[in-house]
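Shown next, in structure tokens, is the structure this report addresses.
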Amino acid sequence: MMEVTSISEGIIIDHVPAGTALKVLNYLRIDPTTASIALIMNTTSNRYGSKDIIKIQNAPDVDLDVLGLIAPNATVDIVKDSRIVAKKRPRLPQKVTNVLSCVNPRCVTSTEHGIDQIFRLTNPETGEYRCLYCDEAAEL
Amino acid sequence: MAERIPPDSQFDNLNGRSVVTLDDVSTSQISYLLRKARFISNHLPEVSQAAAGKILATLFYEPSTRTRLSFETAMLRLGGHVIGFSSAQNASVSKGESISDTVKTVSNYADVVAIRHPKEGAALVAAHAASIPVINAGDGGHMHPTQTLADLATLQSRFGRITDLTVGLCGDLTFGRTVHSLIETLCRFGNVRFILISPKELRTPQYVLDRITASESCSYEEVSDLTSVIGDLDALYMTRVQKERFFNEDDYLRLRDTYILDMEKLALAKPTMAVLHPLPRVTEISTDVDNDPRAAYFEQVRNGMLMRMALMSSVVGITLPGFAEDRPQEVQA
Ligand SMILES: [Zn+2]
């Protein structure tokens, strides 16, 4: 692991819900065993009491839709030449494809091969997603 | 005299469209289908060749003779033809063919598909794969839009309207998806008071109650005793209380009779009340009720066929001789 305080090129994902940094990396398909990552977990946040921070050196573009799904209140800082050059906020995507799997054993996605696993946003206030096919609620 | 159609209805056309859930059909389209079904009912000979040369494929991956006969009769009564299979055993699916591949194949043969499948969401998979309209004929207890259309048509024919009604729903309100679909659709039209009659074990799910609350003009009341409310009802929708829903036999036996409609309970109802049931019935409506003019459940079967005729003629884009396509939205009984 690198020095925690700074990265020169990459991204900082801040305001990640406390204790969920590894889960977020998993959803973003970033492999913590190969990527150059600093994790700060359960640190104090003015906004939420406690949070995780993820710093990724030389990060590829993160999928803001996927981040919005798993950590809608997170922020993304883009770092170049050791300076934050842009800030991005994830949004709740209307639809996520092949990120979540349906857990309903009666769902057609359990038997029909070759179809995408699609979840749609059914309640923007609660961030509830449901399977496009069977309407089962997503388990994040 | 014909009123002008609202401006949005120029986009409001079912031609070429699939119907997987009733969310795919606007309220003005539902009103249109109700009006069309009423027309068909009074003009069966005139429409008997309207779909000549059209082919319906009934892809039934699980047996449901009742629904399949209704779809097939509907197409035959429009002068069309029917192909298909009635269980997965005699279909290529037993060799492991996907729904998508089967439907893509059938798209080359037929003009419209009615699909029944035990898996939830199967009809949506079919609709995505097909190049012809797909109608969901039931996907594993998930959605069954033409059943709800039959229910609405029955209310329409009995009352001349599907709003301003007190509708009692009785029995299994937890697992009965036909009940949920009917409630949700009536809420889209508004002005319905729901009386939800069930044992506490089989109450209406919260999301359905929330849907009623979200509709400003609709309201509900939850009760456990049919006799105490039957006199208030315009319509009573009966469902089966299944033994396997209960933890023990005693509860089932104790509760079962409370939710059986017999002549004694019917005597407390309004003379104009309509009794609906999605059928098949087991014991929840005693057979002597059948001869009472309030029994509407066999009419419901006929209305199901009429609505399937209305829907299929619309999605395949044929016109019915004598039917005014752009007449006003409201329907007459
Ligand atoms: Zn599903």
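Identify all residues within segment B:113-139 that are more than 12 Å from chain A (Cβ to nearest Cβ) and within 16 Å of the ligand (Cβ to nearest atom); write none if there are none. Before the answer, list the steps.
Quick first cut of segment B:113-139, residues more than 12 Å from chain A (Cβ to nearest Cβ) only: B:113-114, B:116, B:130-135, B:137-138.
Answer for segment B:113-139, where residues must be more than 12 Å from chain A (Cβ to nearest Cβ) and within 16 Å of the ligand (Cβ to nearest atom): there is none.
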Filtering segment B:253-267 down to residues that are over 12 Å from B:Ser198 (Cβ atoms) and part of a helix (DSSP H, G or I), which residue is least open to solvent (accessible area, probe 1.4 Å)? B:Leu266
Checking B:His142 against (1) within 13 Å of chain A (Cβ to nearest Cβ); (2) in contact with a strand residue (DSSP E or B) (Cβ under 9 Å, 6 or more places away or on another chain); (3) part of a helix (DSSP H, G or I), only one condition comes out false. Which one? (3)
Looking at segment A:92-102, which of its residues are more than 11 Å from the ligand (Cβ to nearest atom) and open to solvent by less than 40 Å² (accessible area, probe 1.4 Å)? A:Pro93, A:Val96, A:Val99
Say we look at segment A:119-137 and pick out the residues that are buried (at least 21 other Cβ atoms within 10 Å of the Cβ) and more than 8 Å from the ligand (Cβ to nearest atom); which of these is nearest to B:Asp210 (Cα to Cα)? A:Tyr129
If you check every pair at least six apart or on different chains, which have Cβ atoms under 9 Å apart with a residue in segment A:98-114 that is more than 7 Å from chain B (Cβ to nearest Cβ) first and a residue that is open to solvent by 30 Å² or more (accessible area, probe 1.4 Å) and within 7 Å of the ligand (Cβ to nearest atom) second? A:Cys102/A:Glu136; A:Val103/A:Glu136
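Looking at segment B:103-118 only, could you name the residues that are touching a residue at least 40 places away in the same chain (Cβ under 8 Å) and open to solvent by 10 Å² or more (accessible area, probe 1.4 Å)? Please lay out each step first, then the result.
At the first step, the residues of segment B:103-118 found to be touching a residue at least 40 places away in the same chain (Cβ under 8 Å) are B:103, B:106, B:109-118.
Across segment B:103-118, the qualifying residues are B:Val106, B:Tyr109, B:Asp111, B:Arg116, B:His117, B:Pro118.
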Pick out, from segment B:170-250, the strands (runs of 3 or more DSSP E) lying fully within it that include 2 or more residues that are over 22 Å from B:His144 (Cα atoms) and not small (Gly, Ala, Ser). B:192-197, B:219-223
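Considering only segment B:140-180, state which residues are of a type in the set (Ser, Thr, Tyr) and in contact with a His (Cβ under 7 Å, 6 or more places away or on another chain). I'd like the intermediate steps shown before the answer.
Applying the first criterion (of a type in the set (Ser, Thr, Tyr)) to segment B:140-180 yields B:146, B:148, B:154, B:157, B:163, B:166, B:174, B:178.
Once the filter is applied, which keeps residues that are of a type in the set (Ser, Thr, Tyr) and in contact with a His (Cβ under 7 Å, 6 or more places away or on another chain), segment B:140-180 yields only B:Thr178.
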Check segment A:48-58 and report whether any residue there is touching a Leu at 6+ places or on another chain (Cβ under 7 Å) and within 14 Å of chain B (Cβ to nearest Cβ). no
With the requirement that a residue be closer than 27 Å to A:Ala138 by Cα and either part of a loop (DSSP other than H, G, I, E, B) or among the hydrophobic types (A, V, I, L, M, F, W, C) (or both), what does segment A:48-57 give you? A:Tyr48, A:Ile53, A:Ile54
By residue number, the members of segment B:209-258 that are of a type in the set (Phe, Trp, Tyr) and at pLDDT 95 or above are B:Tyr220, B:Tyr237
Qualifying position, being part of a helix (DSSP H, G or I) and farther than 24 Å from B:Leu186 by Cβ, among B:Asp151, B:Asp101: B:Asp101
Residue check: is A:Gly114 of a type in the set (Gly, Ala, Ser) and open to solvent by 80 Å² or more (accessible area, probe 1.4 Å)? yes
Is it fair to say B:Ile83 is more than 14 Å from chain A (Cβ to nearest Cβ), in contact (Cβ under 8 Å) with a residue 60 or more places away in the chain and part of a strand (DSSP E or B)? no
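So that you can scan it fast, the table gives a plain yes or no per residue for (1) among the hydroxyl-bearing types (Ser, Thr, Tyr); (2) over 30 Å from B:Tyr252 (Cα atoms):
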residue: B:Lys119; (1), (2): no, no
residue: B:Ala122; (1), (2): no, yes
residue: B:Ala137; (1), (2): no, yes
residue: B:His144; (1), (2): no, no
residue: B:Asp151; (1), (2): no, no
residue: B:Thr154; (1), (2): yes, yes
residue: B:Arg158; (1), (2): no, yes
residue: B:Asp172; (1), (2): no, no
residue: B:Phe175; (1), (2): no, no
Cβ pairs under 6 Å, 6+ apart or interchain, first in segment A:74-91 and open to solvent by 40 Å² or more (accessible area, probe 1.4 Å), second not acidic (Asp, Glu) and not in a loop (DSSP other than H, G, I, E, B), ordered by first then second residue, are A:Val85/A:Ile78; A:Lys88/A:Val76; A:Arg89/A:Thr75; A:Arg91/A:Gly68
Checking the condition without any contact (Cβ under 8 Å) to a residue 40 or more places away in the chain, touching a Pro at 6+ places or on another chain (Cβ under 8 Å), more than 30 Å from B:Ala129 (Cα to Cα) and crowded, with 16+ Cβ neighbours inside 10 Å, which residue from A:Leu25, A:Leu67 passes? A:Leu25
With respect to the numbered conditions (1) modelled with pLDDT under 95; (2) assigned to a helix (DSSP H, G or I), which one is the sole condition not fulfilled by B:Ala123? (1)
Which of the residues spanning segment A:84-108 are under 17 Å from B:Ile99 (Cα atoms) and touching a Leu at 6+ places or on another chain (Cβ under 9 Å)? A:Val108
Does at least one position in segment B:132-150 carry a residue that is at pLDDT 95 or above and open to solvent by 50 Å² or more (accessible area, probe 1.4 Å)? no
Considering A:Pro72, A:Pro60, A:Pro105, which residue is outside the structural domain of A:Ala18 (by TED's automatic domain parsing) and either within 16 Å of the ligand (Cβ to nearest atom) or part of a loop (DSSP other than H, G, I, E, B) (or both)? A:Pro105
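The values are calculated or read from the model by the stated rules, or taken from the named source; none is laboratory data. What you are looking at is a predicted structure, and each value in this text was computed from that prediction instead of being measured. As a convention, Cβ positions derive from the backbone with ideal geometry for all residues, glycine included, and neighbour counts pool all protein chains shown. These accessible areas exclude ligands, DNA and RNA; they are computed on the full protein's heavy atoms, side chains included. Shrake-Rupley method; radii C 1.70, N 1.55, O 1.52, S 1.80 Å.
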